[in-house]
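**Q** One structure, as structure tokens, below. Some questions next.
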Amino acid sequence: PEELQKKMNLISLDRRRIDAVEILIDDNMVPAAEALLKTINSKFVKGRKEVLSGYIFALQGNCPESYAMYDKALTINPDVFIHDKYRNICE
């Protein structure tokens, strides 16, 4: 039970972190968002880390890498939501 509780705490922490990354990006604090994104375990957030990485790449003008991250996110979780505003940057 103690290991399960540790895992649940890590999952909860990473979900809060991913929410914070979204806020940082929206507040134009991309370097801080990138740093926090690196601390998140991808398996706990079901493709959201890759989606936000793709969004950051798009904001930086690196559309090929952005598309690659969106594809990776969909591979991890076919039901992951990729907001239109994320995709529209590179279109």
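The values are calculated or read from the model by the stated rules, or taken from the named source; none is laboratory data. Note that the structure is a prediction, hence the values are computed from the model and not measured. Note that we place each Cβ from the backbone using ideal geometry, even for glycine, and neighbour counts take in every protein chain shown. When the accessible area is computed, the model is the full protein with side chains, heavy atoms only, and any ligands, DNA or RNA have been set aside. Shrake-Rupley method; radii C 1.70, N 1.55, O 1.52, S 1.80 Å.
**Q** Rounded to whole Å, give me the distance from the Cα center of region 46-90 to that of region 1-24.
**A** Between the Cα centres of region 46-90 and region 1-24 lies a distance of 21 Å.
**Q** Here's a follow-up. Remind me, relative contact order of the chain in percent, using alpha carbon pairs under 8 angstrom and six or more residues apart?
**A** 23 percent.
**Q** What is the extension gain from residue 59 to residue 71, computed as 0.36 nm multiplied by their sequence separation minus the C-alpha to C-alpha distance, in nm to one decimal?
**A** 2.6 nm
**Q** For the chain, what is the convex hull (Cα atoms) projected area averaged across all directions, in square nanometres?
**A** Its Cα hull, projected and averaged over all orientations, spans 5.9 nm².
**Q** Calculate what fraction, in whole %, of the accessible area of region 32-91 sits on carbon and sulfur atoms when a 1.4 Å probe is rolled over the protein chains.
**A** Answer for region 32-91: carbon and sulfur cover 53 percent of the accessible area.
**Q** Additional query: Could you work out [θ]222 nm for the chain from helices alone, using -39500 (n - 2.57) per DSSP H run of at least four and dividing by all its residues? Round to the nearest 500 deg cm²/dmol.
**A** -22000 deg cm²/dmol
**Q** If you don't mind, another one. Show me the GluC sites (Glu not before Pro) within region 1-52 that DSSP assigns to loop and that have at most 15 other Cβ atoms within 10 Å of their Cβ.
**A** none
**Q** Put +1 on the Cβ of each Lys and Arg and -1 on the Cβ of each Asp and Glu in the chain; which of 11, 40, 90 then has its Cα farthest toward the positive end of the dipole?
**A** 11
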